[in-house]
Each structure stands twice: as C-alpha cells, then as structure tokens.
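The values are calculated or read from the model by the stated rules, or taken from the named source; none is laboratory data. These figures come from a predicted structure and were not determined experimentally. Using ideal geometry, Cβ is built from the backbone for each residue, glycine included, and neighbour counts are taken over all protein chains shown. These accessible areas exclude ligands, DNA and RNA; they are computed on the full protein's heavy atoms, side chains included. Shrake-Rupley method; radii C 1.70, N 1.55, O 1.52, S 1.80 Å.
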Amino acid sequence: QVQLIESGGGLVQAGGSLRLSCAASGLDFRNSVVGWFRQAPGKEREFVGTTAWTVKGRFIISRDNAKNTVFLQMNSLKAEDTAVYYCAARLGSSWSTRESDYVYWGQGTQVTVSS
C-alpha cells in the first residue's frame with residue numbers, strides 16, 4: 001500500500017520560510033516522480049512543482065532517495081501562499097503539471113502565512 005505523508009506545515013509570518021516534507025512508503029520511489037500541489041481557500045488545486053521545475057522561484061524542491069522523501073523549501077512566503085499543500089506521486093520519469101497524471105496523494109498539510 002502506497003502512502004505519502006506530508007509534514008512541516010504551520011503558521012509563519014510573511015517573509016519567512018518553511019520546509020515541507022513528503023515521506024513515501026510502499027512506492028518504487030526511485031522510479032517515481034513526486035510533485036507538489038496546493039489548494040488555497042475557495043480556489044482549485046494548482047501545481048507547485050517537482051524537482052525538475054517549480055512555478056515559484058521562491059520555492060525549491062529536492063528529494064532524498066535514501067529516505068524516500070521529497071522536500072519543498074518555501075522562502076519569502078507571502079499571504080497568497082496560504083493553502084493546503086499536497087504531495088502526489090506517479091510512476092515513471094516524466095513529470096506533469098496535471099493532477100490527473102498523479103496516482104497517489106497525501107492527505108495535505110496546512111500552510112498559513114500571516115501578513
């Protein structure tokens with residue numbers, strides 16, 4: 001059974017940083033792409049990035065294959081970054097920005113940025 005568990009969310013002041021983690025189990029991690037998405041209140045879920053590319057230059061995504069974990073480092077946070085952040089995985093080496101291309105999803109972690 002594949003599980004993705006996000007952690008590291010919380011409340012942070014604008015301009016601050018947070019690092020989210022996504023720990024995977026039951027997954028062929030080395031042969032999977034893990035992406036990050038987010039959903040702000042009242043908005044649709046949107047793609048944040050993978051290790052190949054992120055939509056925000058303030059965000060950096062990395063992975064530790066030895067620990068089956070992907071990280072989302074978020075810097076210079078803004079109020080509009082407030083959202084529930086999800087990690088998602090798909091098998092293979094091709095990354096995608098589309099939700100429907102990801103098979104496995106975590107439960108999400110809340111990030112709140114106060115202005």
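Looking at this structure, is Ala88 of a type outside the set (D, E, K, R), open to solvent by 40 Å² or more (accessible area, probe 1.4 Å) and outside any loop (DSSP other than H, G, I, E, B)? Outline the logic, then answer.
On the way: of a type outside the set (D, E, K, R): yes; open to solvent by 40 Å² or more (accessible area, probe 1.4 Å): no; outside any loop (DSSP other than H, G, I, E, B): yes.
No.
Screening the stretch 1-40 for strands (runs of 3 or more DSSP E) wholly inside it with 3 or more residues that are touching a residue at least 12 places away in the same chain (Cβ under 8 Å), under 12 Å from the mean Cα position of the chain (by Cα) and surrounded by fewer than 20 Cβ atoms within 10 Å (Cβ to Cβ) returns the ranges 18-25.
I need a count of the residues in the stretch 46-61 that are open to solvent by less than 70 Å² (accessible area, probe 1.4 Å) and either modelled with pLDDT of 95 or more or among the polar types (S, T, N, Q) (or both). So the answer is 8. In the stretch 62-77, the qualifying residues are those that are of a type outside the set (S, T, N, Q) and farther than 14 Å from Leu4 by Cβ, and the one that is surrounded by the fewest Cβ atoms within 10 Å (Cβ to Cβ) is Ala66. Within the stretch 72-114, the set of residues being among the acidic types (Asp, Glu) and either touching a residue at least 24 places away in the same chain (Cβ under 8 Å) or in contact with a Cys (Cβ under 9 Å, 6 or more places away or on another chain) (or both) comprises Glu80, Asp81, Glu99.
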